[in-house]
Amino acid sequence: MPRVICIANQKGGVGKTTTALNLACAIAMSGDRTLLVDLDPQCNATTGLGLIPDARHALVDSRPLRESFRETYLPNLSLLPGARSFEDVDALANSSDSRSLMLATHLSGSLGSFDSVLIDCPPSVGALTRTALASASEVLMPIQCEYFAMEGLTQMIEVIKQVMGRSNSRLEFGGILLTMYDATLELTAEVDREVRDFFGGIVFSTVIPRDAAVSEAPSHGRSVIDYAPRSRGARAYVELCQEVLERV
Ligand code: ADP
Ligand code: MG
């Protein structure tokens, strides 16, 4: 069974996709056979690797999932692409818990050839995120260092606990990651203190700084680690990867 890390937060724009993509690349570069699963209809994890989304998401298609795995520019990294098709989104968005569970079983059954799998979730606690949580061994929650950072997290945590209790006893809290960190702002320091006081040791000691290189990399179809290896953002994601790999 591979390690399956679900990157989730119901808020948009907190760094989920950026973290899923860069962490997947860093883990692949460390030698693990890695799969990045794009479950967001916005497909940013797919386009950020320079690839084109599928017409229909493999997860709701009848083909074997393996036929949809794509190679990426990194030898150890495969991608299960996202799809923008409304039909797929609607089918998943309206699906019941049992459908989520069925899809999760379908996904889990196809992961045997990987050491690590990262799932990029949409900004919701709907069926797609529940499917990801039901397939995962851990959940990593990025939060942006801004006012209201913890808003909505309570609902996310409730959903995680539900999935832990009902359908996936293997699921653990993998950690909370502070993103878009600006050490010059008093607000960042405040959020940092507040989050660490509240959540304690599950907050990663690595923080991801706000760095233009991080936001530029996807338009070049690569991780920031390849696009700007010396940037602060690249170094932070490599450090995060080490912390994640140590936390087994
Ligand atoms: P989410 O997937 O949670 O919606 P994204 O990963 O797409 O969030 O990030 C939202 C926006 O912020 C994107 O434009 C992304 O390029 C930018 N961004 C993410 N992390 C950083 C960072 N560390 N520094 C600068 N910009 C960032
Ligand atoms: Mg995203």
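Amide H to amide H, with H built 1.01 Å from N, residue 118 comes under 5 Å of 5, 35, 36, 37, counting only residues 5 or more places away or on other chains. Computed extension length for residue 194-residue 245: 15.8 nm, one decimal, from 0.36 nm per residue of separation with the Cα-Cα distance subtracted.
Dipole size in debye (nearest 20) for region 1-130 around its Cα centre, Lys and Arg Cβ +1, Asp and Glu Cβ -1?
180 debye
Sort 163-173, 233-243, 110-120 by the packing proxy (mean of other Cβ within 10 Å over each peptide's residues), most packed first.
Highest mean packing first, the order is 110-120, 233-243, 163-173.
Taking the empirical scaling 2.2 N^0.38 Å for compact globular proteins as reference, the chain has a Cα radius of gyration ratio of 0.94. Taking every DSSP helix (H) stretch of at least 4 residues in the chain, weighting each as -39,500 (n - 2.57) and dividing the sum by the residue count yields a mean residue ellipticity at 222 nm of -11500 deg cm²/dmol.
Charges only on Cβ, +1 for Lys and Arg, -1 for Asp and Glu: so what's the dipole of region 3-246 about the Cα centre, in debye to the nearest 20?
480 debye
Multiplying each eigenvalue of the alpha-carbon gyration tensor of region 129-248 by 5 and taking the square root yields semi-axes of 26, 19, 13 Å, largest first, rounded to whole angstroms.
A simple spin-label model places the labels of residue 157 and residue 113 4.0 nm from each other, with each point 7 Å out along Cα-to-Cβ.
No lab work stands behind these numbers, since they all come straight from the coordinates. In this text the structure is predicted, and so the values were computed from the model without any measurement. Cβ sites come from the backbone with ideal geometry, for glycine too, and all protein chains shown count toward neighbours.
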